[in-house]
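Participant: First, the structure itself, so that you have it in front of you.
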Amino acid sequence: MKSFDLLTLANRNLWRRKGRTFLTVLGVIIGTTAIVVMLSLGIGLVESQKKQMEQWGSLNMIRVQQSYSFPGEPSDNPQRLLNDEAIEEIRAIEGVLALSPAYEVGGEAKLGRKMGYFSLIGIDPAMMDLLEFEVSHGRLLTGDDKFNVVAGSWVINNFMDPKEQPGRWDEPPPQGDPLELLNKRVSLTLMNQRQQKRVYSLNVVGILSDTSMEHAHSVFGPLPEIKKMRDFIQQGMQNDPMIPPGKAMEMSGSTADRVVEVPTQPGRSSGREKDQYSFALVRTEDVAFTRAISTDLRERGFNAYSMADNLAGIENAARQMQAVLGGIGAITLLVAAIGITNTMVMSIYERTREIAIMKVVGASFGDIRTLFLAESSLIGLMGGSIGIGLSYLLSYILNKYLGAAMAPGMGQDGVALQISMIPAWLVLFAVAFSIGIGLISGIYPANRAIKLDPITAMRNG
Amino acid sequence: MVFNEVMSLPILELRHVVKKYRVGKEVVTALDDVDLSVQAGEFVAILGTSGSGKTTLLNVAAGLEKPTRGDVIFRGTVLNKLKERQKVVFRRKQMGFIFQSYNLLPTMTAQENVALPLIFDGVPVRERLKRAVAVLTIMGLKERRMHKPMEMSGGQQQRVSIARALVHNPRIIFADELTGNLDSHTTNDIMRNLKETICGQGQTLIMVTHDHDVAKFADRIIFMVDGKIVSEERGGHKNE
């Protein structure tokens, strides 16, 4: 029997009993819709959480720090120093696209009349682009920059005019315009353990765009200059190699004209050893690498942190939720499957004579079986296809009304939060699944039809 | 028996065929040691009252039922030893069936019903319909080919059913009380038509009936009583 003839015949048989076929198909429609919409909610949940996390920091970035263990506390992992040797080791790990060590210093800053605070991070200017730094205004750093810096979009909010009346406590502080910093001179005051003070004059050449909140609160400068600042701050610390103040001045070399040394209160710095970095930023190829590499780094004795680490927890929770939602959908589809079986069994009772005739005129077991399986699969296909259409409609309605109501303002760039997402694989899965359900439901009736004895069937018919 | 030896190998042969049914606790013997040999091109009528076992004989001969004992040999093949899927091939290629109650599919038109056996043989639709119309034309139903069974008279339905049995050009045709539901005028018309057609093609016909007048169309009449062949008549000469 040719497959075209088979499908034509199966299709015709189904439409002989329009009402019954429709009701059976309806069962599959509801089942498919239930399963697709339920799963789409789970997927939407994960995706929207991913998006939200990306706002806080790229999923391709790892921040590596030296791991600290407290004295007397036993540590499982070897404690590693974050020095040049370590940086080269990390650079060699597969999946690492870019890497920059970083120094971090902090101190009081002055912008015109406004007073504020700078968290200044020194990184490799050549790596900025690869490390996903983006400016909304101005430019990124280049290798020639010395006292030029790039500021995060929120840094301006650290500055206040001391003469201005502070806002009421229950009012959110007014958001500053990041452009207020652009191409301005900011003087940064650093202090070391010996109560010496240095004032640096920095020029803001770029403002980072606010797509990533990770860097929004920091100011970035070229690594060599910030290293010098850190060295200054470390003077007088316990493990300081005792550089006399005069020598420190010499070290500043040509930059001395921009540096004024004043003794006062201590400042702060992180990274305790002289040749040790505060932290390092690692850019990986993708999320999968991020996870693997951050686990690897922890095993090597570093302290690694990435947004992707949180993703695993969220995905686990979402997977559980998807299982529950999908389970509800699956039950509905199971009921639909029983419906198909019932319809096909009924249809055999009605068509005993017809099956007998087909057998007598030469239909093989295979023909009869395929015919019944084709009919039940067609029910599955019709139900599945219409179910997908209905799912898209429901998904649209959910996103438009429920999504907007549930999370006002949570969406990015004014786009409402997608609480339901139907990816292409889900469509294919649903159609294949409903056809499969139809096929499986048809097996029992098809075997019954085969066993039918044509002589008895025709005599009784 | 002398006659058989002169002719070539029989197309169908029943050897010591016994068929028993279990009805409740009782065992009914429908066929009791039946021997029958049918030559190619022969038109055989099996005549008997109801319960004589004539329909069972037909079903067993066609391979639709298995004999309890004995063999059915169709063109050298022992039919009752074959698996169902092999028998299907025999039916599809070499056998045609005509029933008392026509057994047409109510949802299909006359030409679709006639073309049905060809579907299972994988014949393309165009070729199928061409052949169906050709046979329907022979049966005098060309004009009614687009009608469904319910829109036709009993005689017309039986003609469609005959056309369906002939469409794949079988070697042998089994007919069970094919005129049972028809009036005598229609019966004569159909019988004449059928006989002409199969004689022209050299096909074999085995027909079960309880009507002596219908049986007279056959070359050979076999009389059955209580599951046994009691006598035989050939060309008007009766042999006990």
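Participant: Going by the structure shown, is B:Arg85 in a strand (DSSP E or B), within 14 Å of another protein chain (Cβ to nearest Cβ), loosely packed, with under 15 Cβ neighbours inside 10 Å and free of Cβ contacts under 8 Å to residues at least 40 places away in the same chain?
Facilitator: no
Participant: Would you check if there is a residue in the range A:11-29 being within 14 Å of another protein chain (Cβ to nearest Cβ) and hydrophobic (A, V, I, L, M, F, W, C)?
Facilitator: Yes, some residue in the range A:11-29 is within 14 Å of another protein chain (Cβ to nearest Cβ) and hydrophobic (A, V, I, L, M, F, W, C).
Participant: Quick one: B:Pro67 ticks every box in (1) within 10 Å of chain A (Cβ to nearest Cβ); (2) surrounded by 20 or more Cβ atoms within 10 Å (Cβ to Cβ); (3) not polar (S, T, N, Q) bar one, so which box is it?
Facilitator: Unmet condition: (1).
Participant: Oh, and also: So the check is Cβ under 7 Å with 6+ separation or different chains; which pairs have a first residue in the range A:359-378 that's more than 7 Å from every other protein chain (Cβ to nearest Cβ) and in contact (Cβ under 8 Å) with a residue 12 or more places away in the chain and a second one that's part of a helix (DSSP H, G or I) and among the polar types (S, T, N, Q)?
Facilitator: Taking only residues 6 or more apart or on different chains, the pairs are A:Glu375/A:Asn13; A:Ser376/A:Ser441; A:Leu378/A:Asn11.
Participant: Going by what's in this entry, would B:Gln156 be described as polar (S, T, N, Q), at pLDDT below 95 and either closer than 29 Å to B:Arg15 by Cβ or out of contact with any Lys or Arg (no Cβ under 9 Å at 6 or more places or on another chain) (or both)?
Facilitator: When the stated conditions are applied, B:Gln156 does not pass them.
Participant: Tell me, which helices (runs of 4 or more DSSP H) wholly within the range B:89-194 include 3 or more residues that are more than 12 Å from chain A (Cβ to nearest Cβ)?
Facilitator: In the range B:89-194, the matching helices (runs of 4 or more DSSP H) lie at B:125-138, B:154-166.
Participant: To continue, here is another question. Can you name the condition, by its number, that A:Ile293 falls short on among (1) at pLDDT below 85; (2) not in a strand (DSSP E or B)?
Facilitator: So A:Ile293 meets the others, but not (1).
Participant: Check off (1) surrounded by 19 or more Cβ atoms within 10 Å (Cβ to Cβ); (2) closer than 13 Å to B:Ala165 by Cβ; (3) among the aliphatic types (A, V, I, L, M) for B:Ile119 and give me the number that stays unchecked.
Facilitator: Unmet for B:Ile119, out of (1) surrounded by 19 or more Cβ atoms within 10 Å (Cβ to Cβ); (2) closer than 13 Å to B:Ala165 by Cβ; (3) among the aliphatic types (A, V, I, L, M): (2).
Participant: Okay, moving on. Are any residues in the range A:292-325 closer than 30 Å to A:Ser434 by Cβ and surrounded by 19 or more Cβ atoms within 10 Å (Cβ to Cβ), and if so, which ones?
Facilitator: Within the range A:292-325, A:Ala318, A:Gln322, A:Leu325 qualify.
Participant: When you check B:Thr29 against the structure, is it hydroxyl-bearing (Ser, Thr, Tyr) and without any contact (Cβ under 8 Å) to a residue 60 or more places away in the chain, yes or no?
Facilitator: So B:Thr29 does not fit the description; no.
Participant: Could you go through the range B:200-219 and let me know if any residue there is touching a helix residue (DSSP H, G or I) at 6+ places or on another chain (Cβ under 8 Å), outside any helix (DSSP H, G or I) and basic (Lys, Arg).
Facilitator: no
Participant: In the range A:343-358, what residues are in contact (Cβ under 8 Å) with a residue 12 or more places away in the chain and away from chain B (no Cβ under 14 Å)?
Facilitator: A:Thr343, A:Met344, A:Val345, A:Met346, A:Ile348
Participant: Looking at A:Ala363, A:Ala374, can you tell me which residue is assigned to a loop (DSSP other than H, G, I, E, B) and at pLDDT 85 or above?
Facilitator: That would be A:Ala363, the only listed residue that is assigned to a loop (DSSP other than H, G, I, E, B) and at pLDDT 85 or above.
Participant: For the range B:14-77, list the strands (runs of 3 or more DSSP E) that sit wholly inside it and hold at least 2 residues that are more than 14 Å from the chain's Cα centre (by Cα) and farther than 23 Å from B:Arg92 by Cβ; which are they?
Facilitator: It comes to B:26-38, B:69-74.
Participant: Looking at the structure I just gave you, is B:Lys238 charged (D, E, K, R) and touching a residue at least 60 places away in the same chain (Cβ under 8 Å)?
Facilitator: Criteria not met by B:Lys238.
The values are calculated or read from the model by the stated rules, or taken from the named source; none is laboratory data. Keep in mind that this is a model prediction, so the values were computed, not measured. Here Cβ is always computed from backbone atoms with ideal geometry, including for glycine, and neighbour counts include all displayed protein chains.
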